[in-house]
Amino acid sequence: MNTFIHSAKYTDTVKKISPHHHDVHQILYVTDGCAEMTINGECFLLKKGSLIFISRMEAHSVNNTSENYKRYEIRIPPEIIAEDMKNIKLFSVLFDRPQGFSRVIELPVEKTAPIFEQIVAEQNQNNAYKAEMQSSLLDMLFINIYRSFPQLFSSAETPAFETVKKIQQQFENNIEYKYSLEEISQEYHISKFYLSHIFKSITGYAVMDYLKSLRIARAKNMLAKTNLSISEIVKTCGFSDSSNFSREFKSITGQTPSKFRNSH
């Protein structure tokens, strides 16, 4: 069984962290102290009991922390959406950002911290059925979130949800393909207007903006962690050419691809 946890840890030494990204989804849970975090330009004050969702497409930074700031962190790979999973509705809070979505919620420490503690313990050991145990614990965490904040999952109850998930999975599995809004609408037998409407209402992104953000996230990871040339990254991530890639990359990150690579 595949585990859908990339990494899990507990830390009490978090200081100021400059804007950055990870090509994974993140869940942070504060067990003590407080911190100020910026996600996609929006500032949040975190305190004991705060749980934070950060998608792979969202840049974030930690601006200030108290001396006793402590937190759990779970990183979940993007492949979670590329799988045909029975719990995809629960995990939609990792990557969908519909209007009114709350990136920060409050959950009781006495009920929530033990789940994170067990997940981290499993991550640090090589027990039998490790993946199955982590999967069960992750399900428990998200079910508790659903029961406390069902409004975060309201878009997952709409008839259009399954169509949007299929399109998101298609993007993840074949990101280099040259998609067009017209072609996608024809494939799913819906109008471009209706496709645009349901995709934006569920994900918070226009269809092609969502795809572009995925491609930029993938490119960031390749720039930071591989020695692939810019032209190879352009091809792998589905950009039309190097000039278009550089222009789109700078518009989102504020840096050229070369400068981003040098700084990482």
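The values are calculated or read from the model by the stated rules, or taken from the named source; none is laboratory data. Bear in mind the structure is a predicted one, so any value in this text is a computation, not a measurement. Backbone-built Cβ (ideal geometry, glycine too); neighbour counts: all protein chains shown. The accessibility values were calculated without ligands, DNA or RNA, using every heavy atom of the protein model including side chains. Shrake-Rupley method; radii C 1.70, N 1.55, O 1.52, S 1.80 Å.
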(message) From the protein chains alone at 1.4 Å, what is the descending order of accessible area for Met208, Met140, largest first?
(response) Met140, Met208
(message) With every protein chain left in place and a probe of 1.4 Å, what is the accessible surface of Val30, to the nearest 10 Å²?
(response) 0 Å²
(message) Along the charge dipole of the chain, pointing to its positive end and built from +1/-1 on Cβ of Lys, Arg, Asp and Glu, which listed residue (Asn173, Met37, Ser155) has its Cα farthest out?
(response) Met37
(request) Could you size up the charge dipole of the chain around its Cα centre, putting +1 on the beta carbon of Lys and Arg and -1 on that of Asp and Glu, and report it in debye to the nearest 20? (result) 620 debye
(request) Could you calculate, for the stretch 130-222, the ratio of the Cα radius of gyration to the Kirkwood radius, expressed as Rg to Rh? (result) 1.04
(request) Give the angle, between 0 and 90 degrees and rounded to the nearest 10, that separates the Cα long axis of helix 130-148 from the longest principal axis of the Cα atoms of the chain. (result) 90 degrees
(request) Report the one residue of Ile216, Val104, Ser231 whose Cα lies farthest in the direction of the positive end of the charge dipole of the stretch 90-249 (charges on C-beta: Lys and Arg +1, Asp and Glu -1; origin at the Cα centre). (result) Ser231
(message) What are the ³J(HN,Hα) couplings of the stretch 189-202, residue after residue, when phi is run through the Karplus curve with 6.51, -1.76, 1.60 and θ = phi - 60°? Round to Hz, x for glycine and proline.
(response) 6, 9, 6, 4, 5, 5, 4, 4, 5, 6, 5, 5, 5, 8
(request) Grab the beta carbon distance between Lys225 and Asn126, set R0 = 25 Å, and tell me the FRET efficiency rounded to 0.05. (result) 0.50
(message) What do you get for the angle between helix 207-225 and the principal long axis of the chain? Use alpha-carbon atoms, 0 to 90 degrees, nearest ten.
(response) 70 degrees
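Greater than 30 Å separation of Cα atoms is the criterion. Which listed pairs, Lys15/Lys235; Lys16/Lys225; Lys89/Lys130, meet it?
Lys15/Lys235
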(request) Quote the charge dipole size of the stretch 1-142 about the Cα centre in Debye, to the nearest 20; the model charges only the Cβ of Lys and Arg (+1) and of Asp and Glu (-1). (result) 220 debye
(request) Whole number in Å², please: accessible area per residue of the chain, 1.4 Å probe, ligands, DNA and RNA not counted. (result) 49 Å²
(message) Between the stretch 157-188 and the stretch 240-264, what is the separation of their alpha carbon centroids in Å?
(response) 26 Å
(request) Sum -39500 (n - 2.57) across every DSSP H segment of at least 4 residues in the chain, then divide by the residue count to get the 222 nm mean residue ellipticity, nearest 500. (result) -13500 deg cm²/dmol
(request) Heavy atoms only, probe 1.4 Å: what % of the accessible area of the stretch 24-116 goes to carbon and sulfur, would you let me know? (result) 46 percent
(message) Using a 1.4 Å probe on the protein heavy atoms only, what accessible surface does Glu132 show? Give it in Å² to the nearest 10.
(response) 70 Å²
(message) Sorting check: for 106-113, 232-239, which peptide has the highest mean count of neighbouring beta carbons within 10 Å, and how do the rest follow?
(response) 232-239, 106-113
(request) Taking the chain as the reference, fit the longest principal axis to its C-alpha atoms, fit the long axis of helix 242-253 to the helix C-alpha atoms, and give the angle between the two in degrees, 0 to 90, nearest 10. (result) 30 degrees
(message) Using the Cα centre of the chain as origin and beta-carbon charges of +1 (Lys, Arg) and -1 (Asp, Glu), tell me which of Asn63, Phe116, Ile198 is placed farthest towards the positive end of the dipole.
(response) Asn63
(request) Determine the dipole magnitude for the stretch 159-228: charges of +1 sit on the beta-carbon of Lys and Arg, -1 on that of Asp and Glu, nothing else is charged, the reference point is the Cα centre, and the result goes in debye to the nearest 20. (result) 320 debye
